[in-house]
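Visitor: Have a look at this one.
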Amino acid sequence: MNEQLEQTAPIPQVQGEHAPILVCEHLSKFYPQCLALNDLSLSLQPGRIVGLLGPNGSGKTTLIKLINGLLTPTSGQITISGMKPGPQTKAIVSYLPDRNSLPEWMTTEELLHFFADFYADFDIGKAREMLQHLHITEKMRLKTMSKGTKEKVQLILTMSRAAKLYLLDEPIGGVDPAARDYILETIISNYSKDACVIISTHLIADIEKILDEVLFLNSGVLVMQSSVDDIREKEGKSVDALFREVFRC
Amino acid sequence: MVWKFTEDRPIYTQLVEQLQLRIAMGQYPPGGKFPSVRELASEAAVNPNTMQRALTQLESSGLLYSERTAGRFVTKEADRIMQMKKEMAQHLMTEFLRGMKELGFTKEQTIRLLQQMEEESI
């Protein structure tokens with residue numbers, strides 16, 4: 001009897017090693033007079049740190065906004081853990097925008113509670129610990145912080161969620177090399193086998209060592225998806241060098 | 001020791017070499033506990049899966065072994081470590097001899113030069 005009950009119960013989504021966390025199928029996005037993404041299909045596994053690389057205007061931010069549900073595709077579809085972008089996927093997707101999106105007047109303490117209220121998976125203790133480590137006090141307001149510190153605070157808030165998919169849009173642009181190292185270190189130390197991290201950037205040399213695989217976008221087309229060490233093995237050069245070759249102006 | 005990577009080769013092979021060097025130098029002594037993938041990945045600032053791949057290779061070549069719950073250890077066999085050192089030395093010498101040959105020195109001349117240098121430094 002029990003067995004029968006179990007059989008008739010809805011089958012939970014299988015999240016084995018090979019269940020992709022993100023699937024994009026024939027994704028296109030038209031802006032007025034501009035085709036931002038052109039028939040893009042890809043699939044990403046959990047436990048991977050993925051670089052989304054491409055020159056300015058290649059569609060990186062558009063793709064991230066589509067995955068996050070801030071934009072809707074013109075055609076094609078996106079699924080995150082089998083679900084279309086919406087409130088349920090926002091609960092498992094942690095997004096770091098390419099510019100500050102947080103209220104400037106808030107103190108770090110207020111920001112911590114802001115995140116704790118919005119996201120059930122936010123680990124306030126972990127965020128506090130990381131902020132303390134950087135000597136950012138609870139009473140500091142966002143607007144009084146330097147650009148680098150602001151970016152670090154945003155990254156800490158984003159990475160303190162136990163999400164399944166992290167979307168980091170240009171997390172290392174515009175910060176000094178020491179802050180860059182800290183950001184990369186934070187991404188590595190928060191690595192989880194169950195989560196996928198997508199990092200968009202054009203600063204490839206800095207980030208190459210922490211990536212499993214890279215996606216090359218050019219004019220809205222996915223021109224390559226490959227592992228970093230495969231590129232180095234086959235081409236005998238770094239991803240950075242290959243990028244410069246592929247996108248030579 | 002600083003972790004350094006060149007552009008032209010896979011990162012995991014470079015990790016294997018640098019970990020071997022650390023074992024050879026006794027930074028991780030024979031029979032001693034080896035740091036976790038997570039610790040090493042953070043230290044070298046590399047992707048944890050890449051570090052995992054390097055450690056798997058060191059395990060399959062017998063330099064490391066794992067114990068189910070206790071983690072990874074450096075081999076206790078001094079022979080195995082000596083064999084690795086010899087392989088690394090061979091590699092260094094091959095590179096050196098190739099460089100000397102490019103400069104136009106024969107093997108005999110090279111050996112004489114080495115001896116001369118040794119005597120001068122005493």
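Throughout, read-outs are computed from the coordinates displayed, never taken from laboratory work. Please read all numbers here as calculations on a predicted model, not as lab measurements. Please note: Cβ atoms are built from the backbone with ideal geometry, for glycine as well, and neighbour counts cover all protein chains shown.
Visitor: Among A:LEU70, A:LEU96, A:LEU111, which one shows the biggest mean-square fluctuation in a GNM of chain A, springs joining Cα atoms closer than 10 Å?
Guide: It is A:LEU70.
Visitor: A follow-up question, please. Return the average number of partner chain Cβ atoms within 10 angstrom of each residue Cβ along peptide B:2-13.
Guide: Taking the mean over all residues of the peptide, I get 4.
Visitor: Shifting gears a bit: Just to be sure I understand: with springs between alpha-carbon atoms less than 10 Å apart, which residue in A:GLY125, A:GLY220, A:GLY54 has the highest mean-square fluctuation in the Gaussian network model of chain A?
Guide: A:GLY125
Visitor: Ignore the peptide's own chain and count Cβ atoms of other chains within 10 Å of each Cβ in B:45-54; give me the average, rounded. Numbers along the way, then the final one.
Guide: Values: counts 7, 7, 14, 9, 10, 8, 1, 0, 1, 0.
Average neighbour count from other chains, rounded to a whole number: 6.
Visitor: If you don't mind, there's one more thing I want to ask. What's the Kirkwood radius of the range A:3-247 in Å, using all Cα pairs?
Guide: The Cα-based Kirkwood calculation yields 19.0 Å.
Visitor: If the convex hull of the alpha-carbon atoms of the range B:9-63 is projected onto planes in all directions, what is the mean projected area in square nanometres? Walk me through the numbers on the way to the answer.
Guide: On the way: hull surface 14.4 nm².
Its average projected convex-hull area is 3.6 nm².
Visitor: Calculate how steeply helix B:107-121 sits against the longest principal axis of the alpha-carbon atoms of chain B, using the helix alpha-carbon long axis, and give the answer as 0 to 90 degrees to the nearest 10.
Guide: Around 80 degrees separate the two axes.
Visitor: Note down the nm distance, to one decimal, between modelled labels 7 Å out along Cα→Cβ at A:PHE114 and at A:HIS133.
Guide: Roughly 2.3 nm, to one decimal.
Visitor: Can you tell me which of B:GLY104, B:GLY71, B:GLY31 moves the most in a GNM of chain B? Springs connect C-alpha atoms under 10 Å apart.
Guide: Maximum among the listed residues: B:GLY104.
Visitor: Can you tell me which aspartates and glutamates have their Cα less than 18 Å from the Cα of B:LYS107? Leave out same-chain residues fewer than eight positions away.
Guide: B:GLU95, B:GLU118
Visitor: Please list, in order, the residues from the range B:14-37 whose amide nitrogen is less than 13 Å from a point placed 7 Å along the Cα→Cβ vector of B:GLU67.
Guide: B:31-34
Visitor: Sticking with this structure for a sec: Going by Cα centres, the range A:150-178 and the range B:1-79 are how many Å apart?
Guide: 29
Visitor: A further question on this structure: I need A:TRP105, B:TRP3 ordered by Cβ neighbour count within 10 Å, fewest first.
Guide: Ascending Cβ contact count within 10 Å gives the list A:TRP105, B:TRP3.
Visitor: A further question follows. Are any of the pairs A:LYS90/A:LYS139; A:LYS150/B:LYS4; A:LYS209/A:LYS237; A:LYS84/A:LYS164 more than 20 Å apart by Cα-Cα distance, and if so, which? Mind showing how you got there, number by number?
Guide: On the way: A:LYS90/A:LYS139 29 Å; A:LYS150/B:LYS4 30 Å; A:LYS209/A:LYS237 13 Å; A:LYS84/A:LYS164 14 Å.
Flagged as over cut-off: A:LYS90/A:LYS139; A:LYS150/B:LYS4.
Visitor: Among B:ARG68, B:ARG112, which comes first, second and so on when ranked by fewest other beta-carbon atoms within 10 Å? Please report the intermediate quantities before stating the final value.
Guide: On the way: B:ARG68 5, B:ARG112 12.
By the 10 Å Cβ count, ascending, the order reads B:ARG68, B:ARG112.
Visitor: I would also like to ask the following. Looking at the square roots a ≥ b ≥ c of the eigenvalues of the Cα gyration tensor of the range A:204-249, which shape do they give, rounded for a/c under 1.5, prolate if a/b is larger than b/c, or oblate?
Guide: Here the range A:204-249 falls in the prolate category.
Visitor: Using the count of nearby Cβ atoms within 10 Å as a rough guide to exposure, how do A:ASP212, B:ASP79, A:ASP123 rank from fewest to most?
Guide: B:ASP79, A:ASP123, A:ASP212
Visitor: Now for a different question. Tell me whether chain B comes out rounded, prolate or oblate; compute the Cα gyration tensor, take square roots of the eigenvalues as a ≥ b ≥ c, and use a/c under 1.5 as the rounded threshold.
Guide: prolate
Visitor: How well do other chains shield peptide B:68-79, expressed as the mean number of their Cβ atoms within 10 Å of each residue Cβ?
Guide: Whole-number average of other-chain Cβ neighbours for B:68-79 is 0.
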